[in-house]
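See below for the structure under consideration.
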Amino acid sequence: MKLTTIKIEKYKPIRGEEKVSDGNGLTIRFRKTADGKVSKHWHFRYQVNGKSHYLVIGAYDAAISDREAAIYKLDHGAKLSLGNARKIALELTDWCKRGLNPKQYIDEEINRQKLELEEGRKKAEIAAKAEQIENLTFADLYEIWLRDGVRRKDGNAELRRSFHADILPEIGKKKIKDLSEHDLRRVLRKMVDRGVNRTAVIARNNLVQMLAWAEKRQPWRRLMAEGNPADLIEIEKIVSTEYDLNNVRERVLSDTEIHELQNIFLKMEADYTNAPNRRSTDKPFESVGQLAVWIMLSTLCRVGELMQTRWQHIDFDKKEWHIPKENVKGRISSHKVYLSDFSTQQFQRLYQLTGKFEWCFPAKHRDGHVCLKSLAKQIGDRQGRFKKGKDGNPRQPMKNRRHDDSLVLDDGENGEWTLHDLRRTGATIMQRLGIPIEIIDRCQNHVIKGSKVGRHYLHHDYAAEKQHAWEKLGQHLQAILENPSKLMTSK
C-alpha cells in the first residue's frame, strides 16, 4: 500500500510500535509513547550478502542537514517529507545496485566531506595569511625590527623618537610591497626642508639599516621583490647644498665605546680559539692591529708615524719613542713621545710579536714597513654598513677583503670610527682630565701658532708637562679597560 501524506499524518498506531511500508525498501515507523504522543521515522531496508539491514533516514518532515542533502542529492534546506523520503530511497536503491553498502558509503561520504571542509579551511587560512602578508606595512616592519633587529644602549628610545616624529606619520601605513625610493626621499626632503640636515642623514642611515635587515628575512624579502628602495637613496642629493657631508669629523669615542672595543677584540680571539673548526671560522682582528689601536689612542700619534716606526726608535729604559722628522706629517720637526705605563705595555706586547724585525709593523713579506693604509682599510672593512660605492649605493664586498660589521661600536649609533678619531679621542680625554690645551697641542705635535718673537725666544720644551699628560691619559685608559664601572663618560 502506497503511503500518502494524509495517511501518514492521520495514522494512529494501535500497538506501541508499528511499521508501514511504502515499497522499494522504504518504511515509516510509528512509535507511541506512554503519554500518547507518536513519533514517526523513515527507515530503509536493504540486503548485503543475503542479510537484511535497516538504515534510519530520519524523523518525518524533519529538516535535512546540508551534509545529508549533499549525500542524497537533495536541495539545500529540504525536509524529510514523503516525496523526499522516496527520492532518498531511490538513491539508496541505486547504491545497492552498484554494490555499495549504504551505511558504509554514507560514513565514507561524511569523512570525505569533513576532509574537504578541513582542506577548504586550511586553504582559506593560507589565503588569509597570504593576504595578511601582502598587506604588511612599513609600521609592521618597524615594530618587528625594533623588537628583533636592533638594540641600542638607550633601549632604542632615540630610534623610536626619530621614527615616530618624522617617518611613521608619513609612510607608516604604506605597504612594504608598494614602498619606493620616492617615498623615502619624500620623508628625508621634508626633514631637510625643516633645516635638520644632520637629522635627515641619521634617519637615512636608520632606514638603510632597517631595510637591509628586512631584505635578508622573509616575508619582507619577498615583499621587496623589486629591490631595496633604500639602496637608491643618494643622501648627498637630498641634503641642502650648503651642508657638507665631508666636513671635519667630530667623532670621539666614549669611554663606553673604548671598553666595548676591547671586548670585541677579546671575543673575536675567544671565538676563534674555541672554535671546533678554525678553518671555517673568521680569524680575529690581528693582534698587531689591536696594539696599534691602543698605541694611537694613548699617544695621540698619527697612523703614518706609527706604521713607519723602527724598533731603534723605541727606548724602553727611558720610556721614550722618537719619531724622526721624515715620519712626521709635513716633516716640520721630529717628535718625542714620553710613553706612559699603558703605552709602554702595548709596545712591549708588540715587541714580542715583531721584535725580531727591523720595523714595528713589518710588511707581509718583511720588506719594509706595512702599507700606511692597510690598518685603516682593515678597520673600515669591518664597518661595512657605512661604506658606499662611487654611485652612492652600499659598497659591494671587495675581493680578498673582509666585509662585515664586527668593529661597529654602539650598534653604529654614532657612525663609523676611524684611526684618526683615536687621536681626537685621546686629546679630548686629556682635555677632560684638565690638561691645558697648549700641552695637548704639543702632545699631538701641532704647529704652535704665535708671534715670531715668542717662537724665537721661548724654548721651553714642556717635557715634564707632556710626560704628565700622557701618563694621566694612560691611567684613564687603563681604568676604562680594567674597571668600566668607573667610566667618566657614557654613550
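Answer yes or no as to whether I106 is hydrophobic (A, V, I, L, M, F, W, C), more than 22 Å from T4 (Cα to Cα) and at pLDDT below 90.
Against the criterion (hydrophobic (A, V, I, L, M, F, W, C), more than 22 Å from T4 (Cα to Cα) and at pLDDT below 90), I106 qualifies.
Within segment 46-86, which residues are among the basic types (K, R) and under 16 Å from Y105 (Cβ atoms)?
Those that are among the basic types (K, R) and under 16 Å from Y105 (Cβ atoms): R67, K73.
Would you please name the residue that is most open to solvent (accessible area, probe 1.4 Å), looking only at residues in segment 361-381 that are in contact with a helix residue (DSSP H, G or I) (Cβ under 6 Å, 6 or more places away or on another chain) and in a loop (DSSP other than H, G, I, E, B)?
L372
Just checking, how many residues over segment 42-57 are open to solvent by 50 Å² or more (accessible area, probe 1.4 Å), part of a strand (DSSP E or B) and not hydrophobic (A, V, I, L, M, F, W, C)?
Residues meeting the conditions: 6.
Only residues in segment 261-274 that are surrounded by 12 or more Cβ atoms within 10 Å (Cβ to Cβ) count as the first member; pair them with residues that are outside any helix (DSSP H, G or I) and of a type in the set (G, A, S), Cβ under 9 angstrom, at least 6 apart or cross-chain, and list the lot.
I264/S406; M268/S406
Of the conditions (1) surrounded by 15 or more Cβ atoms within 10 Å (Cβ to Cβ); (2) touching a helix residue (DSSP H, G or I) at 6+ places or on another chain (Cβ under 9 Å), G384 clears all except one; give me its number.
G384 satisfies every listed condition except (2).
Looking at segment 10-29, which of its residues are of a type outside the set (A, V, I, L, M, F, W, C) and part of a strand (DSSP E or B)?
E17, E18, K19, S21, D22, G23, T27, R29
Name every residue in segment 425-440 that is hydroxyl-bearing (S, T, Y) and surrounded by fewer than 20 Cβ atoms within 10 Å (Cβ to Cβ), in order of residue number.
Of everything in segment 425-440, just one residue is hydroxyl-bearing (S, T, Y) and surrounded by fewer than 20 Cβ atoms within 10 Å (Cβ to Cβ), namely T428.
If I filter segment 351-360 down to residues being assigned to a loop (DSSP other than H, G, I, E, B) and open to solvent by less than 50 Å² (accessible area, probe 1.4 Å), which single residue comes out as modelled with the highest pLDDT?
Ranking the candidates gives C360 first.
Do we find that H182 is surrounded by fewer than 16 Cβ atoms within 10 Å (Cβ to Cβ) and within 22 Å of R221 (Cα to Cα) in this structure?
Here the answer is yes, as H182 does meet what is asked.
State which residue pairs qualify: first residue in contact (Cβ under 8 Å) with a residue 24 or more places away in the chain and over 18 Å from K103 (Cβ atoms) and inside segment 57-69, second residue of a type in the set (D, E, K, R) and buried (at least 16 other Cβ atoms within 10 Å of the Cβ) in any location, beta carbons under 7 Å apart, and separation of 6 or more residues or different chains.
Going by the 7 Å Cβ cut-off, the qualifying pairs are Y60/K40.
In segment 61-78, which residue that is assigned to a loop (DSSP other than H, G, I, E, B) and either open to solvent by less than 40 Å² (accessible area, probe 1.4 Å) or modelled with pLDDT under 85 (or both) is nearest to I28 (Cα to Cα)?
By that ranking, first place goes to A62.
Is it the case, given these coordinates, that R189 is in a helix (DSSP H, G or I), of a type in the set (D, E, K, R), in contact (Cβ under 8 Å) with a residue 40 or more places away in the chain and surrounded by 17 or more Cβ atoms within 10 Å (Cβ to Cβ)?
Against the criterion (in a helix (DSSP H, G or I), of a type in the set (D, E, K, R), in contact (Cβ under 8 Å) with a residue 40 or more places away in the chain and surrounded by 17 or more Cβ atoms within 10 Å (Cβ to Cβ)), R189 does not qualify.
Every residue, every condition in (1) open to solvent by 30 Å² or more (accessible area, probe 1.4 Å); (2) closer than 30 Å to E413 by Cα; (3) out of contact with any Phe, Trp or Tyr (no Cβ under 9 Å at 6 or more places or on another chain), yes or no:
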position	(1), (2), (3)
Y105	yes, no, no
E119	yes, no, yes
G149	no, yes, no
L159	no, yes, yes
P169	yes, yes, yes
K174	yes, yes, no
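Determine whether I88 is within 30 Å of K10 (Cβ to Cβ), in a helix (DSSP H, G or I) and open to solvent by less than 30 Å² (accessible area, probe 1.4 Å).
When the stated conditions are applied, I88 passes them.
In segment 330-345, how many residues are among the basic types (K, R) and in contact with a helix residue (DSSP H, G or I) (Cβ under 7 Å, 6 or more places away or on another chain)?
Number satisfying all stated conditions: 1.
Contact list please: Cβ distance under 8 Å, first residue in segment 138-157 and assigned to a loop (DSSP other than H, G, I, E, B), second residue among the polar types (S, T, N, Q), pairs at least six apart or on different chains.
V150/N156; V150/Q209; K153/T256; K153/S490
Kindly provide the set of residues from segment 274-289 that are outside any loop (DSSP other than H, G, I, E, B), modelled with pLDDT of 90 or more and out of contact with any Asp or Glu (no Cβ under 9 Å at 6 or more places or on another chain), ordered by number.
Once the filter is applied, which keeps residues that are outside any loop (DSSP other than H, G, I, E, B), modelled with pLDDT of 90 or more and out of contact with any Asp or Glu (no Cβ under 9 Å at 6 or more places or on another chain), segment 274-289 yields V288, G289.
Kindly list the number of the only condition in (1) more than 27 Å from the chain's Cα centre (by Cα); (2) part of a helix (DSSP H, G or I) that fails for W321.
Only one criterion in (1) more than 27 Å from the chain's Cα centre (by Cα); (2) part of a helix (DSSP H, G or I) is unmet by W321, namely (2).
So, in segment 424-472, of the ones that are modelled with pLDDT under 70 and of a type in the set (S, T, Y), which residue ends up nearest to the chain's Cα centre (by Cα)?
S451
Restricting to segment 91-102, give me the number of residues that are surrounded by 15 or more Cβ atoms within 10 Å (Cβ to Cβ) and not hydroxyl-bearing (S, T, Y).
Adding up the residues that qualify gives 7.
The values are calculated or read from the model by the stated rules, or taken from the named source; none is laboratory data. What you see is a predicted model; the values in this text were computed from it and never measured. Counting neighbours? That spans all protein chains shown, and the Cβs are built from the backbone with ideal geometry, glycine included. Just so you know, the surface numbers come from the protein's heavy atoms only, side chains and all, with ligands and any DNA or RNA stripped out. Shrake-Rupley method; radii C 1.70, N 1.55, O 1.52, S 1.80 Å.
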